[in-house]
Amino acid sequence: MSRFLVKPELPYCKGCGHHLIVRNTVKALEALGASPLDVVLVTDIGCHGIVDGNFATHTVHGLHGRSVALAAGIAMGLPPEKKVIVYIGDGGATIGLQHILEAARMNADLTVVVHNNMLYGMTGGQPSGLTPTGFRTVLTPQGYSLPHHNLPRLVLDAGAPFAARVVGLGDFSDVLRQALAVQGFALVEVLEICVSYGVKMNPDLRLKELAQEAGYEPGIWESPARPAFRPSRRETASLLDMPAVPQKYSSPLEGRMALILAGSAGEGVQQAAELLAQAAIAAGLHVTKKGSYPVTVGVGFSTAEMVLSRDPIFYHGVPQPDAVVVTSADGLANQRERIRRMTGGVLWLDASLPVPETSAEVRVADFRGRAGARNAALYALLTVLRETGVVPPEAFLETVRESPIGRQVDLSEW
Amino acid sequence: MTMTLSHSHPVLIDGSRLIAEACVRAGADAYVGYPITPASLIFFHASRRFPIALPAPDEITALQWMAGLSAAGYLPVSATSFPGFALMVESINMAYMMELPMLVILVQRLGPATGTATAGAQGDLLLLNGLISGGYPLPVFCISDLEDCWLLPPIALQTAVDLRMPVVLLTSKEMVMTQESFDLARLSEIAPVHRTVYDNPGPYCTYDPGDGLVPPFLPVGNDRHQIRLNASTHDRCGIIQHTSDEAMANTRRLQAKVEARAPVLYHLDEQEGAQTLVVTWDITSGAAREAVMTLRSQGVPVSLLIARTLLPLPTVYLETIDRYPRVVIAEENHQAQLAHLLFGRRIPPHVRTVTAIGRMIRPDEIAREVVR
């Protein structure tokens, strides 16, 4: 008995082609001079997958269709001298086609052996994406109507350096040996007919004839070698290497102020709010800031909700703002309902906009005309600070000046 | 930067950054990501910080890669939200059955289905309670504030290693995407998770727990012992079984190890004379804290329980609740999911719930229910 097996009697139906795949795999591994613990056999769900207990290698038995992705993860974590082999059926390959293509594209270092017996065998003989046209299954007794996937071609197109198809008869161990020798992704499709469901429904078919009629051309196809995908560990810097915001100013704010800044995407709303938050910290306040914008982040409204507080902030929602600052029509449309519900506070509104229904005090200013659309949000916040003093305007100006935007805006004009 | 800082170091920071940094300092070494709002900010930070960061093409692949990396000895992390998490469920069950350590951060958003990607929620607790087929418990910890973003990832990772299993760290959109002023000097040093591998020369069976409940770990591909990992029902050596006694004992052990060893984490702030206990979790913890502070400042005694271990549900929560004639449970979902976990469909009359969807619960709503 081979050193790769712990039990020679395989758990397959009499006459099943899976026997030959195991025997040829073992022969190929022996030819490569590998040792059992250099090999990780990852099996999918299906008749082929119950063979784990026969192997002396490492074995991993996963989910239906997902074994190639699982094996790719294993291969990423192992050194190149380890061989990762995937046993998968035509059904599993259909379910997990995306995983196969992705592994090929990445050139994951593994060898996929597709047991193509033309149907889902374990579950009763249903057709798969590799069932050839005309092949009869329990669900398609008149013959399957769709064409089958061409797996070798698909993986080659995706970037695999090696793909092969063999008729699963006799000794095809050398093809498997070549596949296993590849540093990177290799796929070998082995053609079989399920002896339980395929033969019963197609008693006159012979494997070689079926392969020919179905266009299942045997062969080996190779692409230029490229490095196998194997991520290496890198050194990274702490995410907390953040400069402290020095407290150089003080704020007269005693309690809490909830502020909403509403404008248009691409007009620096979030950036302006973040700079105000930094300035608030510099003024000794606690602050929270959250952004809201449509999924298409480049168009439509952009709103920032902020809470500035003398005391620590545990709840950072803004059910009733003290200040709403609107710099564009998008912002007004987004906040119109909230503005309508305001029973107090102040609404700062760009001069280009109609005054909405509200009980808040309304202050109109020409943010856009004075600073341009791109900087209207910044200028609007500066206006609010000048009029309220909640954060010293010079704290905000200094924060802006020291930010990347400080080089783009002539603050002396403000 | 080395923690602990001796001087105040105020910054504007989001929870995602703290979570990613805490994971790496705790020893997580591979992040497998997939873009999904509102977890993408964690993906962004993790991509800059983790020793290995991999963009997966889809959510199932992400979990499968994590399982493979975990089998090979890595400690992987991913973050997602419900639509992605839903696709990960079968693979999380696989990792549970294979006993592979990993951390999945679930950032809750408003559902059902795609719902509103940019609206927060606390709507996935009941989903997590039944996540593992057969009803087996999955450890779920929940972040309640920025400091938890720092403290809980290491505990969750240590639990994943100690119990050899996937662990879920639950949070929500407002927690990981809101920027807050925060003093980095408040952060304590994080010690890397303690991890051992089987190093005895004798025979090794992948799922043999010896005298304990958790089998010693050894990575697949090692040169000393054969590893057999199996998502199907299996015996202690990882050989597929139907329903043999040994396999059923192995399956029962999966529950026993969690119930015996999952850490119980919570914050209990009891006030003498309080007749009401406020119980909450996740983002509503902030509103509850403010409500409790306001009530106390008004002379209303009230106690507060913030649940950090959500699953398996610690019995101490019920024991604490039993001491109070009135209980207010506040959470941002439509069903009062924690209340249902505690009491089933028959919530006692002395237990009131405060719920909301599409918005955060306000402190005044909680306070109003306390004094009602």
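The values are calculated or read from the model by the stated rules, or taken from the named source; none is laboratory data. What you see is a predicted model, and the numbers here were worked out from it, not measured in a lab. Cβ atoms come from the backbone with ideal geometry, glycine included; neighbour counts cover every protein chain shown.
Taking B:SER144 as the residue in question, decide whether it is within 12 Å of chain A (Cβ to nearest Cβ), closer than 30 Å to A:LEU285 by Cβ and assigned to a loop (DSSP other than H, G, I, E, B).
Details: within 12 Å of chain A (Cβ to nearest Cβ): yes; closer than 30 Å to A:LEU285 by Cβ: yes; assigned to a loop (DSSP other than H, G, I, E, B): yes.
Yes; evaluated as a whole, the condition is true for this residue.
Scan the range A:179-238 residue by residue and report those that are within 14 Å of chain B (Cβ to nearest Cβ) and in contact (Cβ under 8 Å) with a residue 40 or more places away in the chain.
Correct list: A:PHE229, A:ARG230, A:PRO231.
Residues that are crowded, with 24+ Cβ neighbours inside 10 Å and of a type in the set (A, V, I, L, M, F, W, C): which strands (runs of 3 or more DSSP E) entirely in the range A:38-98 hold 2 or more of them?
Of the strands (runs of 3 or more DSSP E) lying wholly inside the range A:38-98, those with at least 2 residues that are crowded, with 24+ Cβ neighbours inside 10 Å and of a type in the set (A, V, I, L, M, F, W, C) span A:39-43, A:83-89.
Here's the yes/no breakdown for (1) closer than 12 Å to A:VAL60 by Cβ; (2) within 14 Å of another protein chain (Cβ to nearest Cβ):
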position	(1), (2)
B:CYS205	no, yes
B:ASP208	no, no
B:ARG224	no, yes
B:SER232	yes, yes
B:ASP235	no, yes
B:HIS242	no, yes
B:ALA247	no, yes
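Can you tell me which residue is farthest from B:PRO139 (Cα to Cα) among those in the range B:245-283 that are buried (at least 20 other Cβ atoms within 10 Å of the Cβ) and of a type in the set (Val, Ile, Thr)?
B:THR276
With among the β-branched types (Val, Ile, Thr) and within 29 Å of the chain's Cα centre (by Cα) as the only criterion, which of A:VAL138, A:VAL113 stands out?
Details: A:VAL138 fails: within 29 Å of the chain's Cα centre (by Cα).
Exactly one of A:VAL138, A:VAL113 is among the β-branched types (Val, Ile, Thr) and within 29 Å of the chain's Cα centre (by Cα), namely A:VAL113.
Take the residues of the range B:93-120 that are away from chain A (no Cβ under 11 Å) and β-branched (Val, Ile, Thr): which is nearest to B:ASP208 (Cα to Cα)?
B:VAL104
Which residues, counting only those in the range B:7-59, are assigned to a helix (DSSP H, G or I), of a type in the set (D, E, K, R) and at the interface with another protein chain (Cβ under 7 Å from one of its Cβ atoms)?
B:ARG17, B:GLU21, B:ARG48, B:ARG49, listed by residue number.
Tell me, yes or no, whether the range B:314-336 has at least one residue that is more than 22 Å from the chain's Cα centre (by Cα), surrounded by 23 or more Cβ atoms within 10 Å (Cβ to Cβ) and assigned by TED's automatic domain parsing to the domain that holds B:GLU272.
Yes, some residue in the range B:314-336 is more than 22 Å from the chain's Cα centre (by Cα), surrounded by 23 or more Cβ atoms within 10 Å (Cβ to Cβ) and assigned by TED's automatic domain parsing to the domain that holds B:GLU272.
Being aliphatic (A, V, I, L, M), under 25 Å from A:GLN408 (Cα atoms) and touching a residue at least 24 places away in the same chain (Cβ under 8 Å) narrows it down to one of A:VAL324, A:VAL269, A:VAL287, so name that one.
None of the other options fit; the residue is A:VAL269.
Of the residues in the range B:278-313, how many are aliphatic (A, V, I, L, M), under 14 Å from A:PHE314 (Cβ atoms) and within 20 Å of the chain's Cα centre (by Cα)?
Going through the range B:278-313 one residue at a time, the tally reaches 2.
Count, please, the residues in the range A:229-256 that happen to be of a type in the set (Ser, Thr, Tyr), surrounded by 11 or more Cβ atoms within 10 Å (Cβ to Cβ) and out of contact with any Lys or Arg (no Cβ under 6 Å at 6 or more places or on another chain).
4
Would you be able to tell me the number of residues in the range B:60-86 that are aromatic (Phe, Trp, Tyr) and more than 7 Å from chain A (Cβ to nearest Cβ)?
The qualifying residues number 2.
Please count how many residues of the range B:342-361 are farther than 16 Å from B:LEU318 by Cβ and touching a Lys or Arg at 6+ places or on another chain (Cβ under 9 Å).
Counting residues in the range B:342-361 that are farther than 16 Å from B:LEU318 by Cβ and touching a Lys or Arg at 6+ places or on another chain (Cβ under 9 Å) gives 3.
Run B:SER16 past the list (1) in contact with a strand residue (DSSP E or B) (Cβ under 7 Å, 6 or more places away or on another chain); (2) buried (at least 24 other Cβ atoms within 10 Å of the Cβ); (3) in contact (Cβ under 8 Å) with a residue 40 or more places away in the chain and report the number of the one that doesn't hold.
(1)
Residues that are in contact with a strand residue (DSSP E or B) (Cβ under 7 Å, 6 or more places away or on another chain), modelled with pLDDT under 95 and either more than 9 Å from chain B (Cβ to nearest Cβ) or closer than 25 Å to B:ASP145 by Cβ (or both): does the range A:278-292 have at least one?
The answer is yes, given that some residue of the range A:278-292 is in contact with a strand residue (DSSP E or B) (Cβ under 7 Å, 6 or more places away or on another chain), modelled with pLDDT under 95 and either more than 9 Å from chain B (Cβ to nearest Cβ) or closer than 25 Å to B:ASP145 by Cβ (or both).
Regarding B:LEU41, is this residue within 25 Å of B:PRO216 (Cβ to Cβ) and in contact (Cβ under 8 Å) with a residue 12 or more places away in the chain?
no
Which number in (1) in contact with a helix residue (DSSP H, G or I) (Cβ under 8 Å, 6 or more places away or on another chain); (2) closer than 29 Å to B:SER188 by Cβ; (3) away from every other protein chain (no Cβ under 14 Å) marks the one condition that B:LEU127 misses?
(2) is the only condition that B:LEU127 fails.
Taking interchain pairs and intrachain pairs at least six residues apart, which have beta carbon atoms under 6 angstrom, with the first residue in the range A:123-143 and within 20 Å of A:GLY96 (Cβ to Cβ) and the second of a type in the set (Asp, Glu) and surrounded by 15 or more Cβ atoms within 10 Å (Cβ to Cβ)?
Correct list of pairs: A:SER128/A:ASP90; A:LEU130/A:ASP90.
Only residues that are surrounded by fewer than 18 Cβ atoms within 10 Å (Cβ to Cβ), within 18 Å of A:TYR216 (Cα to Cα) and not aliphatic (A, V, I, L, M): list them for the range A:154-182, please.
Correct list: A:ASP157, A:GLY170.
Would you be able to say whether some residue in the range B:316-334 is assigned to a helix (DSSP H, G or I), at pLDDT 95 or above and among the acidic types (Asp, Glu)?
yes
Limited to the range B:296-351, what total is found for residues that are among the aromatic types (Phe, Trp, Tyr) and within 24 Å of B:THR171 (Cα to Cα)?
Initially, the range B:296-351 is screened for residues among the aromatic types (Phe, Trp, Tyr), giving B:317, B:324, B:343.
Next, from what is left, pick out any that are within 24 Å of B:THR171 (Cα to Cα): B:317, B:343.
Of the residues in the range B:296-351, 2 are among the aromatic types (Phe, Trp, Tyr) and within 24 Å of B:THR171 (Cα to Cα).
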